[in-house]
Each structure stands twice: as C-alpha cells, then as structure tokens.
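Novice: Before anything else, here's the structure in question.
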Ligand SMILES: [Zn+2]
C-alpha cells in the first residue's frame, strides 16, 4: 500500500506571518511535523505542498521531499484543503507514484507524534473506512449539554432540555483537533470528498492536540519546547564535612528504623493490627501496585495519579510519638544544631534569594515569611538577616529551643493552631515536611490559607526519580518508609500543587546524589573510587540540571 504523507505549507498566512517557518525554540514550526512524519513507519513518501521557494528549501533541508510546486491558484487564504490534496495526488501520479492513501499533516499541530500517524493508517487499513480523523475529547465545560447562548443578555441553554452540571452525567463528545492527522483513501479524494462517508476517529490526548492558530499559542509552544539550560557557574557545591559533622550522618542511617526496632526484635515483623491502609494522598484513589519493600514496610504506586507512597502505615499518633521521641531528638540535635551556622549561610541564604525572585511585595514593606517545619530556624535566620519579618513553627522542642536562643521567632505549635490570620504571609516554606505526612494535602491547604493571594509556597521534597534512587535503588537513604510516607517526582509534585489552587512557577532539583552514592560505596560496599570523587561535583551539576537531583524544589503561587 502506497501511503503519501502530505504536509501543506503555503507561503502567505494571516494569523501568524510566515507561520510555517516561524521559529519555535530555535527551529521552524515545520520541523516538528517533519520529525513526527519521518519517525512514522507507515508513510511511504513524505512531501511538502508549497507555493513558496523559501519553504521548499527549508523543507528539503529537513529531509522532506518537494517534488512539485503548488500553483498560486491553490495557495489563497480561502483555498480549501480538498483541491490541494487532489492536486498532490495527481502531481505525484505524474511523477510515477500512485498513492492509495493520503495522510494530511498540518504543521500547526507540532505535538502530534509518529505513533499517532501510524495508528491512523493502521485504523484505516483495519476497518476499511474511507478516512480516519484525529479528535480530542471536548473539555467538560464546553460540552454541548453545558454551553449557553445569549438571548439579548439573557442566558439560555444552547440545546433544549435541562442543563447538566455533574461532570459524570455529561456524554463524551469529541472535536477535530486541527485535525492533527487525517488519513484518507486517494479514491475518496478523487471522488470529490475530503472524508468520504465512513469516517473513524483517532482519539488523541489534549497535550498532543495543540493546534497553533495565534501568535500567543506559538509563543506558548515555543517556551514549552525550550530546554532549560542551567549554567555551571551557578552551581554551589556543598561542604559535606560542615553539613554532616562528625558521624551524624552514619548514626542517622543506623538509627533509621528506631520506631520499629522493638517491634521487629519481638515479632520479626510489624504486626498487621498496627497498620492501617490509606487512599492515595494526592488523588484519593485506592488502586495501587507494590513498588518496593524496605524496613518491613511497603511502598506502592497509585494506579490513577502515579504517586509513590507508603501503604499501609501506622496511625497519626504513632508518628507524633516518633518525632517527639528521644531517638529522633538526638538525630535532629546531631545533624541540625551542629551544622546550623553552615546551613544559614549556605542553604538559608540560597532559599531566601530564590524566594526574592518570585515575591510580589510592595516597595518599602518587608516580606512576611513563615517556615513550617523550620527545625533550628536556619531559613528563618537567613530571612531575618535579609530584613524580612520571619517566623517558624516546628513540633521538635530541642530544635526550636536552639533557634530561640539565637533570637529567632520560633514556636512549637501545630500548623492548624498557629493563631496567624488567613492571608498573613507573602511566602510560606515547607522544607522537608510533606514527605513525612499522612495527609500532605491537608497541610498544604492550611499553608495556602495562610498565604496572601499571589503569595508563594516554597516546597522541598525528596525526588523519587532521582539519581540517588537510580544509583542505589531501595538503598537510597531518602527511601525511609518509617519516616518518609510520600515520594514525589517533578510530575507528581506538579499535579499535587495544582490540586490545591497553586500554580507551580519553578520546579528544579538539587542534591547530594553523587556524594551520597560515594558514601554508600565507601561505608557500605567498602569501595574507594578516587577518580569518581574528583569529578563528583561536576557530575552533580549535570544531575541537577537534568532535574534528577534528590531534592525537588518547587515554588508555586497561590492563584488569586
Ligand atoms: Zn493517586
């Protein structure tokens, strides 16, 4: 079967000047459709139909054929697609290529992929239909049972009958998405029809269905394709000896399972009656598959939203007692207090600087910042040094006591009972907090309520899709199911933020992945890798730049 891919790209265009060659992320728009067409397996030939020599030249440089030029009479603003395709079939036959099927690929659909093209051709072949057209599900608010028309200034249902407001009661309806792909038999085109009478649907996702029609859509697409290069000069190394003084890190790892050590010593496992099942903390679904087991606990992956989380867990009172326990206080004291000054200068200052770039505070007023789970208050201290009004809360008395001794406004209260009025803060920090929570959504919502409209939430969580886990698997120390109950990735943390009226404006990673890996090889595997140690910082920069660092950092704005 001869399948002819046709990319129509005429010179003149109204909405966007010279649209097909408009640059998006360093490449002409046409290049994105060329990529998907060339990667498709089902296209025998791929041609560009154009009246414009510049477009023809660009098309050839992209590896596309331009075997004929389209006549100017078929390149007007109001020329329909049917005669353009009929012309292409006829011109190709004159060049000795008899197309059985024509696949129309509009350059204005740059996110259609090769598999969509192949699926359309396969569907046409399998069903014997006249044509296959790509469609996208209509968003529920535009469903015909929801749309309204105006009668003067009075709203009327567009179609007769009662309005349907419940999403699940609405019929599924579809619209052509450009269309991004049309596969049609050449005989149907030559019979005078673009679609024929038997048309089948290729349903595509909303993301792949982008149809660029305006300069702002083009700009949006261009920025989404841009590779967010980071410059090596921005990289700030971490002094491990100052961050983890003495044997504090080793003792953290050794005391990792302190809340369950007694249980495991007595029963060999955690008795079932101490554990309770919970739904997915992001989406509430209950279909989850086992991801891995560690420290006698199970980590699962949500079948609906992909979040990785510990399930079953202990109940809330158990975790409260864990964080109040002497063993945990000792971990915090060894790791936190002894490195406090280093943390202020290295991490606190960095975080305050990052927040400054996103804050919207009227000139002359100091930013108001609350650090939730502030530990010893190293970020609060850096914010205070920068002239901010900064407060912190934490449930760990020894950490708070230390910070207060340094003159910081720190309080041992829970987030739900801070006494701060709603909207009190321009920025709220949740650093290394939500991974510990049974119900992280509740805490994030409480934090959002304390934000003024337009205020920012700054969140740190471990990155499940990090180099640490890729290098060490379940041995990565952040996989700590007795304490870390939720494991986010750049994509699941974005989803989580968006469910709480937060718009993520920055998602980046940093980490000590290489240092932690070297530590693991040295201390656990007894391997010494001097050459790897020499380039560890540079490798860490690459890891961070690719968004595979262990710490996910998210700045999200409260929508007004
Ligand atoms: Zn879920």
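Novice: When you scan the range 346-354, do you find a residue that is farther than 22 Å from residue 421 by Cα, within 16 Å of the ligand (Cβ to nearest atom) and touching a strand residue (DSSP E or B) at 6+ places or on another chain (Cβ under 8 Å), even just one?
Specialist: No.
Novice: Can we say residue 37 is closer than 22 Å to residue 183 by Cα and in a helix (DSSP H, G or I)?
Specialist: Yes, satisfied.
Novice: Mind listing whichever residues of the range 148-163 are within 26 Å of residue 209 (Cα to Cα) and out of contact with any strand residue (DSSP E or B) (no Cβ under 7 Å at 6 or more places or on another chain)?
Specialist: Of the residues in the range 148-163, the ones within 26 Å of residue 209 (Cα to Cα) are 148, 158.
Hits for the range 148-163: nothing passes.
Novice: Related question: Regarding the range 189-199, can at least one residue be identified that is part of a strand (DSSP E or B), in the same structural domain as residue 28 (by TED's automatic domain parsing) and either at pLDDT 95 or above or touching a helix residue (DSSP H, G or I) at 6+ places or on another chain (Cβ under 7 Å) (or both)?
Specialist: Taking every residue of the range 189-199 in turn, at least one turns out to be part of a strand (DSSP E or B), in the same structural domain as residue 28 (by TED's automatic domain parsing) and either at pLDDT 95 or above or touching a helix residue (DSSP H, G or I) at 6+ places or on another chain (Cβ under 7 Å) (or both).
Novice: Let me ask another. Listed residues 514, 532; which is crowded, with 21+ Cβ neighbours inside 10 Å, over 16 Å from the mean Cα position of the chain (by Cα) and not in a loop (DSSP other than H, G, I, E, B)?
Specialist: Numbers: 532 fails: crowded, with 21+ Cβ neighbours inside 10 Å.
Residue meeting the stated conditions: 514.
Novice: Could you grab the pairs with beta carbons closer than 7 Å, sequence gap of 6+ or different chains, first residue in the range 510-522 and closer than 23 Å to residue 459 by Cα, second one assigned to a strand (DSSP E or B) and modelled with pLDDT of 90 or more?
Specialist: Short answer, once both residue conditions are applied: 510/551; 510/553; 511/551.
Novice: Follow-up question, since we're still on this one. Is at least one residue of the range 67-81 outside any loop (DSSP other than H, G, I, E, B) and more than 17 Å from residue 190 (Cβ to Cβ)?
Specialist: Scanning the range 67-81, I find at least one residue that is outside any loop (DSSP other than H, G, I, E, B) and more than 17 Å from residue 190 (Cβ to Cβ), so the answer is yes.
Novice: Here is a further query. Return the pairs, sorted by first residue and then second, in which the second residue is assigned to a loop (DSSP other than H, G, I, E, B) and modelled with pLDDT of 95 or more, the first residue lies in the range 268-286 and is more than 16 Å from the ligand (Cβ to nearest atom), the beta carbons are less than 7 Å apart, and the residues are 6+ apart or on different chains.
Specialist: 275/312; 276/312
Novice: To continue, here is another question. Could you please find all residues in the range 130-161 being outside any loop (DSSP other than H, G, I, E, B) and surrounded by fewer than 16 Cβ atoms within 10 Å (Cβ to Cβ)? Before you say what the answer is, go through the steps one by one.
Specialist: At the first step, the residues of the range 130-161 found to be outside any loop (DSSP other than H, G, I, E, B) are 131-137, 140-142, 148-151, 154-157.
Passing the criteria: 141, 142, 148, 149, 150, 151, 154, 155, 156, 157.
Novice: Among the residues of the range 67-80, is there at least one that is modelled with pLDDT of 95 or more and farther than 25 Å from residue 192 by Cβ?
Specialist: No: zero hits.
Novice: Please state which one of 340, 296 is assigned by TED's automatic domain parsing to the domain that holds residue 369, under 14 Å from residue 480 (Cα atoms) and away from the ligand (no atom under 16 Å from the Cβ).
Specialist: After applying the criteria, what remains is 296.
Novice: Also, I was wondering about something else. Spot the failing condition for residue 385; the list is (1) farther than 22 Å from residue 452 by Cα; (2) under 32 Å from the mean Cα position of the chain (by Cα), and only one is missed.
Specialist: Here residue 385 clears every test but (2).
Novice: Next question. Could you look through the range 237-248, keep only residues that are under 31 Å from the mean Cα position of the chain (by Cα) and part of a helix (DSSP H, G or I), and pick out the one that is surrounded by the fewest Cβ atoms within 10 Å (Cβ to Cβ)?
Specialist: This residue is 240.
Novice: Tally time: how many residues in the range 167-193 are surrounded by 12 or more Cβ atoms within 10 Å (Cβ to Cβ) and either at positive phi or within 29 Å of the chain's Cα centre (by Cα) (or both)?
Specialist: Number satisfying all stated conditions: 10.
Novice: Tell me the strands (runs of 3 or more DSSP E) entirely within the range 395-463 that contain at least 3 residues that are touching a residue at least 40 places away in the same chain (Cβ under 8 Å).
Specialist: In the range 395-463, the matching strands (runs of 3 or more DSSP E) lie at 425-431, 451-462.
Novice: Out of all the residues in the range 302-320, which are more than 9 Å from the ligand (Cβ to nearest atom) and either over 14 Å from residue 438 (Cα atoms) or crowded, with 18+ Cβ neighbours inside 10 Å (or both)?
Specialist: Of all residues in the range 302-320, those more than 9 Å from the ligand (Cβ to nearest atom) come to 308, 310-320.
Once the filter is applied, which keeps residues that are more than 9 Å from the ligand (Cβ to nearest atom) and either over 14 Å from residue 438 (Cα atoms) or crowded, with 18+ Cβ neighbours inside 10 Å (or both), the range 302-320 yields 308, 310, 311, 313, 314, 319.
Novice: Any residue in the range 304-327 that's within 16 Å of residue 414 (Cβ to Cβ): show its pairings with residues that are within 16 Å of the ligand (Cβ to nearest atom) and part of a strand (DSSP E or B) at Cβ separation under 9 Å, as long as the two are six or more apart or on different chains.
Specialist: Correct list of pairs: 319/313.
Novice: Shifting gears a bit: Look at residue 164 and say whether it is surrounded by 16 or more Cβ atoms within 10 Å (Cβ to Cβ), out of contact with any helix residue (DSSP H, G or I) (no Cβ under 7 Å at 6 or more places or on another chain) and more than 25 Å from residue 81 (Cα to Cα).
Specialist: yes
Novice: I want to confirm something. Restricting to the range 538-560 and keeping residues that are modelled with pLDDT under 90 and surrounded by 14 or more Cβ atoms within 10 Å (Cβ to Cβ), which single residue is farthest from residue 447 (Cα to Cα)? Break it down into steps so the answer makes sense when it comes.
Specialist: Here is the first cut: in the range 538-560, the residues modelled with pLDDT under 90 are 545-547, 559-560.
Filter once more, so that each one left must be surrounded by 14 or more Cβ atoms within 10 Å (Cβ to Cβ): 545, 547.
Values: 545: 29, 547: 25 Å.
Only one residue fits best here, namely 545.
Novice: Which of (1) free of Cβ contacts under 8 Å to residues at least 40 places away in the same chain; (2) surrounded by 15 or more Cβ atoms within 10 Å (Cβ to Cβ); (3) away from the ligand (no atom under 16 Å from the Cβ); (4) within 23 Å of residue 487 (Cβ to Cβ) is the odd one out, the single condition residue 217 does not satisfy?
Specialist: (4)
Each row is one residue, and each column tells you yes or no for (1) out of contact with any strand residue (DSSP E or B) (no Cβ under 6 Å at 6 or more places or on another chain); (2) closer than 20 Å to residue 53 by Cβ.
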{"residue": "63", "(1), (2)": "yes, yes"}
{"residue": "69", "(1), (2)": "yes, yes"}
{"residue": "74", "(1), (2)": "yes, yes"}
{"residue": "79", "(1), (2)": "yes, yes"}
{"residue": "84", "(1), (2)": "no, yes"}
{"residue": "87", "(1), (2)": "yes, yes"}
{"residue": "94", "(1), (2)": "yes, no"}
{"residue": "100", "(1), (2)": "yes, no"}
{"residue": "105", "(1), (2)": "no, no"}
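The values are calculated or read from the model by the stated rules, or taken from the named source; none is laboratory data. Since we're looking at a predicted model, the values are computed, not measured. Using ideal geometry, Cβ is built from the backbone for each residue, glycine included, and neighbour counts are taken over all protein chains shown.
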